[in-house]
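Have a look at the structure below, then the notes.
The values are calculated or read from the model by the stated rules, or taken from the named source; none is laboratory data. Everything numeric in this text was worked out from a predicted model, so none of it was measured. Backbone-built Cβ (ideal geometry, glycine too); neighbour counts: all protein chains shown.
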C-alpha cells in the first residue's frame, strides 16, 4: 500500500523524533497526546531540532514547510484516515494493548499499526486488535533524527505486503532498516544488553573502575561510548525493564539484572534523565563516576 499520512502516538522524546523525520520525508503527520501541554513540549523540541538542521544546511526544505506538515491532536478520531500508526508511548504492555484496541475501531481497516517498543512482544500487542496481519514493529533509536537504524519486526501473523510496506516506509524516512523477527530484544538489545550487564558484573567483581571500564571499551574496541555512559544515556530504568522481559523469556543469567543495577533503579537513579546513575551529572559537562 502507499503511505501518505502518518499518525504518531505520543509526543515524548521518541514520538516527537519519529514525527519529525516523517515530516522531513514529506509525509503529513498527526501526533496524538493525552494533553496539549505534552504536545507543546514535544513540538518545541521539534522546532529546536529543525532549526539546528536548517542552520547546518542539511534540511532540504524551509523549516516552515516541514513544520506545516505536522499537527498535534488530543482526540484519537483525528487519526482516522492515517495510513500508518506508529506508537511511541510508555513501555507498558497493558497500556499499549488498550491504546491499540481502542484505535482499532477508529482507524481505517487497511491502515498499518506499528509499535516502537524495544522489548515488548509485538505479537502480544497485535493480538489486542482485529488486524494482527497488519501489525509490525518499527524500533527506532534515540535520538531519532540522528540515528540511522530502524529494526523492522515481523510477527508470525504479519502479512507479506504489510511487512514490505513498513520496510519501504523506514527507507523513505532516510533510515537503514534491518529485518528481524519478534523475539525479545530483537537484534540490537539481544546483543547489547548482555554486554552492558557484563560490564556491571565486571565492576561488581572489582575488574576495574567505572571510568576505566568505559575507557577500555572505547579505546580498545572503538566504541563511541563506554557501557556505563551508554547505560546512563539509555536509562537504567529502561535497561532494568528490558532485562526483566528478556530473563522471563530465556531464563539465562546473561539476561538477568545484576544487583547493583536493581539497587540504582530502586533509588531512583536512572542516569542522565534523573541527574544520577553510574555517573553524577550535577555538572552535565563533567560527569563524576559513582563509587558503589
Legend entry - 1 or more residues farther than 18 Å from residue 118 by Cβ, outside the structural domain of residue 160 (by TED's automatic domain parsing) and out of contact with any helix residue (DSSP H, G or I) (no Cβ under 6 Å at 6 or more places or on another chain): qualifying helices (runs of 4 or more DSSP H) within segment 177-292: 188-204, 210-221, 259-266
Legend entry - Candidates 7, 72, 15, 68 - the one that is crowded, with 19+ Cβ neighbours inside 10 Å and farther than 18 Å from residue 106 by Cβ: 15
Inset, instruction - Determine, yes or no, whether residue 137 is in the same structural domain as residue 25 (by TED's automatic domain parsing) and on the phi > 0 side of the Ramachandran plot. - result: no
Inset, instruction - State yes or no: is residue 189 surrounded by fewer than 18 Cβ atoms within 10 Å (Cβ to Cβ) and within 28 Å of residue 263 (Cα to Cα)? - result: no
Inset, instruction - Please work out if residue 246 is out of contact with any strand residue (DSSP E or B) (no Cβ under 7 Å at 6 or more places or on another chain) and crowded, with 18+ Cβ neighbours inside 10 Å. - result: yes
Inset, instruction - Examine segment 148-156 for a residue that is crowded, with 18+ Cβ neighbours inside 10 Å, not in a strand (DSSP E or B) and not assigned by TED's automatic domain parsing to the domain that holds residue 243, and state whether such a residue exists. - result: yes
Inset, instruction - Considering only segment 117-135, state which residues are part of a loop (DSSP other than H, G, I, E, B) and buried (at least 17 other Cβ atoms within 10 Å of the Cβ). - result: 117, 118, 119, 120, 121, 128, 129, 131
Inset, instruction - Would you check which residues across segment 123-161 are closer than 17 Å to residue 8 by Cβ and out of contact with any strand residue (DSSP E or B) (no Cβ under 6 Å at 6 or more places or on another chain) and list them? - result: 142, 143, 144, 145, 147
